[in-house]
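See below for the structure under consideration.
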Amino acid sequence: MRQHPWLSIAYTLITRGFIILFLASIAWVVILKYVPVWFTPLTISRKLDTIGTEKSSKIFKTWRPYEEINREAALAVVASEDQQFPYHWGFDFDEIQDAIKENQYRKRARGASTISQQVAKNVFLWNGRSYIRKGLEVYFTVMIELIWGKKRILEVYLNVAETGPMTFGVEAAAERFYGHSANSLSRDESARIAAVLPNPIQFSIRKPSGYIQRRTRQIARQMRALGGQKYIRNL
């Protein structure tokens with residue numbers, strides 16, 4: 001260090017940079033615990049994709065507090081995406097192990113992301129795949145589990161999840177495809193929204209394919225098997 005003082009300066013700058021980024025990330029997570037998430041990297045990306053095309057750049061997105069969203073919608077996404085959501089701490093290790101085993105012989109890899117992980121990457125991170133992004137996903141998943149809690153995580157998920165072309169959140173989906181607010185979603189309507197979540201660009205809520213109709217019925221059965229809305233009552 002004495003022979004190369006620039007190394008000491010670089011070390012100090014890098015250390016301070018990491019500390020600033022760490023404190024800033026904590027502050028951002030704390031802020032988003034209390035204020036609506038009006039935009040995400042994905043919404044920005046979808047809007048940018050329309051530049052130079054004939055597609056409409058209008059984003060359909062309306063924030064609704066958890067209390068104003070029918071619990072059937074909340075139960076549907078839990079039944080479809082992450083049935084252990086009320087009990088895990090951000091990661092479902094049993095699902096991860098099963099996915100690793102299955103992906104050894106599947107042509108299309110099966111994911112094992114929990115709702116918490118999906119919220120972390122949708123709200124805080126960019127699109128793409130890399131070890132750095134995956135590490136940050138783990139970091140933000142732990143942070144929101146500790147700072148936000150389950151109810152807030154689910155509230156954000158219900159508001160930021162892509163539910164159709166240029167459509168985000170269950171309120172926007174309910175208004176656009178069903179003609180009413182998310183507070184009056186039925187079980188079948190909620191299950192259909194959940195059914196398209198794996199690929200809301202390919203699958204349609206308004207014109208469900210045979211696969212989506214079967215998937216909707218399957219999710220509705222899972223919702224009943226979980227015991228209905230009481231399954232998520234104590235989040």
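The values are calculated or read from the model by the stated rules, or taken from the named source; none is laboratory data. Predicted model only: the values in this text are computed from it and were never measured. Please note: Cβ atoms are built from the backbone with ideal geometry, for glycine as well, and neighbour counts cover all protein chains shown.
Those residues that are free of Cβ contacts under 8 Å to residues at least 60 places away in the same chain and in contact with an Asp or Glu (Cβ under 6 Å, 6 or more places away or on another chain), I need them from segment 61-90; list them, please. Break it down into steps so the answer makes sense when it comes.
Going through segment 61-90, the residues free of Cβ contacts under 8 Å to residues at least 60 places away in the same chain turn out to be 67, 82, 84, 87-90.
Matches in segment 61-90: Gln84, Trp89, Gly90.
Quick one: in segment 42-64, of everything that is in a loop (DSSP other than H, G, I, E, B) and exposed (fewer than 12 other Cβ atoms within 10 Å of the Cβ), which residue is modelled with the lowest pLDDT? Explain how you work it out, then say what you get.
Within segment 42-64, the first condition is being in a loop (DSSP other than H, G, I, E, B), and the residues that meet it are 50-59, 62-64.
With exposed (fewer than 12 other Cβ atoms within 10 Å of the Cβ) added as a condition, the list becomes 51-54, 56, 58.
Values: Ile51: 87, Gly52: 83, Thr53: 84, Glu54: 78, Ser56: 84, Lys58: 92.
Checked segment 42-64; the qualifying residue modelled with the lowest pLDDT is Glu54.
Could you go through segment 164-184 and let me know if any residue there is among the acidic types (Asp, Glu), at pLDDT 95 or above, surrounded by 15 or more Cβ atoms within 10 Å (Cβ to Cβ) and in contact with a Leu (Cβ under 7 Å, 6 or more places away or on another chain). Reasoning before the result, please.
So the first thing to find is which residues in segment 164-184 are among the acidic types (Asp, Glu), and the list is 171, 175.
Filter once more, so that each one left must be at pLDDT 95 or above: 171, 175.
Filter again for surrounded by 15 or more Cβ atoms within 10 Å (Cβ to Cβ), leaving 171, 175.
From what's left, in contact with a Leu (Cβ under 7 Å, 6 or more places away or on another chain): none.
Looking through segment 164-184, none of the residues is among the acidic types (Asp, Glu), at pLDDT 95 or above, surrounded by 15 or more Cβ atoms within 10 Å (Cβ to Cβ) and in contact with a Leu (Cβ under 7 Å, 6 or more places away or on another chain).
Can you give me the number of residues within segment 7-41 that are free of Cβ contacts under 8 Å to residues at least 12 places away in the same chain and in a helix (DSSP H, G or I)?
The qualifying residues number 20.
I'd like the full set of residues that are assigned to a helix (DSSP H, G or I), surrounded by 12 or more Cβ atoms within 10 Å (Cβ to Cβ) and aliphatic (A, V, I, L, M), limited to segment 186-235.
Residues satisfying the conditions are Ala191, Ile193, Ala194, Ala195, Val196, Ile212, Ile219, Ala220, Met223, Ile232.
For segment 50-83, how many residues meet the condition of being of a type in the set (Ser, Thr, Tyr) and touching a Phe, Trp or Tyr at 6+ places or on another chain (Cβ under 8 Å)? Step through it out loud before you land on a result.
The initial filter retains those residues of segment 50-83 that are of a type in the set (Ser, Thr, Tyr), namely 50, 53, 56-57, 62, 66, 80.
Still in the list and also touching a Phe, Trp or Tyr at 6+ places or on another chain (Cβ under 8 Å): none.
Result for segment 50-83: 0.
Just give me the residues in segment 174-185 being farther than 11 Å from Ile69 by Cβ and either part of a helix (DSSP H, G or I) or not assigned by TED's automatic domain parsing to the domain that holds Leu158 (or both), in sequence order. So that I can check it myself, show each step before the final result.
First, pick out the residues of segment 174-185 that are farther than 11 Å from Ile69 by Cβ: 175-180.
Scanning segment 174-185 gives Glu175, Arg176, Phe177, Tyr178.
Look at Glu95 and say whether it is surrounded by 18 or more Cβ atoms within 10 Å (Cβ to Cβ), at pLDDT below 85 and not in a loop (DSSP other than H, G, I, E, B). I'd like the intermediate steps shown before the answer.
Values: surrounded by 18 or more Cβ atoms within 10 Å (Cβ to Cβ): yes; at pLDDT below 85: yes; not in a loop (DSSP other than H, G, I, E, B): yes.
The answer is yes for Glu95.
Among the residues of segment 146-161, are any closer than 20 Å to Asn199 by Cα and not hydrophobic (A, V, I, L, M, F, W, C)? Please lay out each step first, then the result.
We begin by selecting, within segment 146-161, every residue closer than 20 Å to Asn199 by Cα; these are 154, 156-161.
Narrowing the set further to residues that are not hydrophobic (A, V, I, L, M, F, W, C) leaves 157, 159.
Yes, some residue in segment 146-161 is closer than 20 Å to Asn199 by Cα and not hydrophobic (A, V, I, L, M, F, W, C).
Residue-by-condition table, conditions (1) under 18 Å from Phe60 (Cβ atoms); (2) of a type in the set (Gly, Ala, Ser):
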| residue | (1), (2) |
| --- | --- |
| Glu162 | yes, no |
| Thr167 | yes, no |
| Glu175 | yes, no |
| Gly179 | yes, yes |
| Asn183 | yes, no |
| Ala191 | no, yes |
| Phe203 | yes, no |
| Ile212 | no, no |
| Arg215 | no, no |
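With the requirement that a residue be among the basic types (Lys, Arg) and either free of Cβ contacts under 8 Å to residues at least 40 places away in the same chain or outside the structural domain of Trp63 (by TED's automatic domain parsing) (or both), what does segment 133-156 give you? Write out each step before concluding.
Pass one, segment 133-156, residues among the basic types (Lys, Arg): 133-134, 150-152.
Once the filter is applied, which keeps residues that are among the basic types (Lys, Arg) and either free of Cβ contacts under 8 Å to residues at least 40 places away in the same chain or outside the structural domain of Trp63 (by TED's automatic domain parsing) (or both), segment 133-156 yields Arg133, Lys134.
Within segment 151-185, work out how many residues are in contact with a helix residue (DSSP H, G or I) (Cβ under 6 Å, 6 or more places away or on another chain) and among the acidic types (Asp, Glu).
Residues meeting the conditions: 2.
Can you pull out every residue in segment 133-161 that is crowded, with 22+ Cβ neighbours inside 10 Å and outside any helix (DSSP H, G or I)?
Ala161
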